[in-house]
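What follows is a short report on a single structure.
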Amino acid sequence: MTPLLSLVDVTKHYRPGGLLARSGAPVQAVSGVSLEIAAGSTLGIVGESGCGKSTLGRMVVGLEKPTAGEVRLRGTALGSMSRPQRRAARYDVQMMFQDPYAALNPRMTLARIIEEPLRAKGGLTSQQRRSQVRQLAEETGLAVRQLDRYPRELSGGQRQRVGLARALATSPALIVADEPVSALDVSVRSQILNLMTALQAEHQLSYLMVSHDLTVIHYLADYIALMYMGKIVEEAVVQDGYMNALTDGFGGA
């Protein structure tokens, strides 16, 4: 069966800027990464800061273009898609960001923030969009009365619920979650993770979970890939007992 998402020898290099632009060697962020995510499953990418895991996530959602290799959605390389196919792929793959406040427009109400993807996708009347926004708010644990508020009026956990509602608005098959709970209080993290698990079952979602926290990965992921200096150095099924050895070896880095 064709995987929902596959990465084939994906590489990302950055050219240095400024005075080193001509003479400096390219900075290697990701080097030859190959991975697969099946529909309805969660792959956790774990590694220390600077290992390339966030860059990998940005390439999956199209915010970065690979220097080499291919990102494939349902077997089709993103780079070879037609314009209509790329547009559909953008709605099929959404992202949750690490900082829920920085990811939300402070001048928009929650209702407008959640509605924006629906406006961009089209096909719904204004009344249908408002109804969908209310449904998304309820699914993610937001009170309908909060929809007229602004991000500054919410707690960190509530803001991340808005981010999740916005990601769900286009009915995606895959959500890339880049450190989605690292900026939250410990008491709130489990609530967001439980919500993500429940929504995954309800909507048959797949997640690409990027985190430096092995506890988070162990809680949510079906499979794990350890990145180090831009490469995948270990892969394992989370439930096979390998996780304990990984934690001991890397100290939660």
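Where does helix 83-92 land angle-wise versus the long Cα axis of the chain, in degrees 0 to 90, nearest 10?
80
How many angstrom lie between the C-alpha centres of the stretch 92-162 and the stretch 24-54?
First find each Cα centre; the distance between them is then 28 Å.
Within the chain, which is the longest segment containing none of the trypsin sites (Lys or Arg not before Pro) that sit in a DSSP loop and have at most 12 other Cβ atoms within 10 Å?
In the chain, the maximal stretch lacking such sites is 108-253.
Which lysines does LYS121 reach when only Cα atoms under 28 Å apart count, and residues fewer than 8 places away in its own chain are ignored?
Counting by Cα, and skipping residues close in sequence, LYS121 has these lysines nearby: LYS65.
Where does the charge balance sit around GLU64 when Lys and Arg score +1, Asp and Glu -1, over other residues with C-beta under 9 Å from its C-beta?
+3
Can you give the extra length, in nm with one decimal, that the chain gains between ASP92 and ALA201 once fully stretched, where that is 0.36 nm per residue apart less the Cα-Cα distance?
Using 0.36 nm per residue and subtracting the Cα-Cα distance, I get 37.5 nm.
Return one number: the angle in degrees, 0 to 90 and rounded to the nearest 10, between the long axis of the Cα atoms of helix 126-139 and the longest principal axis of the Cα atoms of the chain.
The angle comes out at about 70 degrees.
Say each of GLN127 and ASP99 gets a label point 7 Å from the Cα, pointing the same way as Cα to Cβ; how far apart are those two points in nm?
Calculated label separation equals 4.2 nm.
What's log10 of I(q)/I(0) for the chain at q = 0.09, 0.12, 0.16 Å⁻¹, Debye sum over Cα points only, no solvent?
-0.41, -0.73, -1.23
Excluding residues fewer than 8 places away in the same chain, name every one of the aspartates and glutamates whose C-alpha is closer than 19 Å to that of LYS53.
ASP9, GLU36, GLU64, GLU70, ASP99, ASP178, GLU179, ASP213, ASP222, GLU234, GLU235
Treat every Asp and Glu Cβ in the chain as -1 and every Lys and Arg Cβ as +1, leave all other atoms uncharged, and give the resulting dipole magnitude about the Cα centre to the nearest 20 debye.
1420
Select from SER54, SER82, SER31 the residue whose mean-square fluctuation is largest in a Gaussian network model of the chain (Cα-Cα springs shorter than 10 Å).
Per the Cα network of the chain with a 10 Å cutoff, SER82 tops the list.
Using 12 Å as the cut-off for backbone N distance, which residues of the stretch 55-83 belong to the label zone defined by a point 7 Å from the Cα of VAL8 along Cα→Cβ?
69-80
Relative to the longest principal axis of the C-alpha atoms of the chain, give the angle of the C-alpha long axis of helix 156-168, reported between 0 and 90° and rounded to the nearest 10°.
Relative to the chain, helix 156-168 is tipped by roughly 90 degrees.
Every number in this text was worked out from the coordinates using simple rules, so none of it is lab data. Bear in mind the structure is a predicted one, so any value in this text is a computation, not a measurement. Note: ideal-geometry Cβ built from the backbone for every residue, glycine included; neighbour counts use all protein chains shown.
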